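Read through the structure below, which is laid out as structure tokens, and then see the notes.
The values are calculated or read from the model by the stated rules, or taken from the named source; none is laboratory data. Keep in mind the model is a prediction, meaning the values are calculated, not measured. For neighbour counting, all protein chains shown are included, and Cβ atoms are generated from backbone atoms with ideal geometry for every residue, glycine included.
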Amino acid sequence: MKNFLRYMRHQPLALVALFVALGGTSYAAGTLAKNSVGTAQLKSDAVTSAKVKNGSLTAKDFKSGALPKGAKGATGATGATGATGATGATGATGAAGPAGAKGDTGEQGPAGDKGDKGDKGDTGEQGEQGVAGPVDSLAVRLRQVDLATTGPDNPIGGNQDIANSASGAASTALRWDIGTSGERFDIGNFYDTANPTVTGVTGASYIKIPKTGTYIVSAGIRFENNATGVRSIGISGPQPGGVRAQNIVPASNAGPTAVSVTTVERFTVGDAVYASAGQSSGAALKPDASQDQTYFAATYVGP
């Protein structure tokens, strides 16, 4: 009994609810005051679906998430444009674009100040040699016609003998006729008729070089008949000077022996050049002046 009383003191509402339930709804309707039943007076699960009036509950009567989501509504109208945001930080520099088209040429600027003189350049390569210019016509040809007597054409006089020598080398200086009979031509005054001899060379007459340059010089002699030994002709000068060219041939056993020599030499104006002959027949021999084969000639060919 003591325990029951303690329980009643702690559970008054539960006992009231029990009495209401046992006494029927008529008792509750007739005896409960308005708004006297609240959450505290209801038992768990006391309110069921059958006891709730249809359509009386709204969405706020349910906890969040208890009701299923409805269909998606129509898109609302676009809102007003927002205010411009603050300028962002400068981005990294982009890659260089392709070169633009070449612009028009600008106007020429004023002339600059004259620069300092540059260093002397290297010597260029030598150019091709030019065509040779015209050559002066300088030539002479002398001959022996008849040296048997002294006369206007033979101022040295006498018949010239070609001395014998063991070697037959050219050693006897030759004399030349002058004037119309001996001087075939002389373009350039090679032969001085007033002074025909060479100083220091016995019996020789010479040609004098009229211009410094290169010359073709030739000489020849035709010996009288003799088949013994050799015959020679040489060109010497300038005086004093040695032999420039010489030719030695054996004597002919079929008649007179002819021998000639030609050389190309460079001389200086005023040089004296002469011809010499030699033989080894055993005795002196005379030149055979026939057929113009005993001669002395020179031609200027260039500087």
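Details
- Test: residue in region 252-270 that is in the same structural domain as Arg184 (by TED's automatic domain parsing), assigned to a loop (DSSP other than H, G, I, E, B) and charged (D, E, K, R): no
- Some residue of region 60-76 being at positive phi and in a loop (DSSP other than H, G, I, E, B): yes
- Ala275 under 55 Å from the mean Cα position of the chain (by Cα) and part of a strand (DSSP E or B): no
- Note on region 230-272: among residues that are buried (at least 20 other Cβ atoms within 10 Å of the Cβ) and over 60 Å from the mean Cα position of the chain (by Cα), the one that is farthest from Leu142 (Cα to Cα) is Ala251.
- Scanning region 181-196 for residues that are at pLDDT 65 or above, in a loop (DSSP other than H, G, I, E, B) and either touching a Leu at 6+ places or on another chain (Cβ under 8 Å) or buried (at least 19 other Cβ atoms within 10 Å of the Cβ) (or both) turns up Gly188, Phe190, Tyr191.
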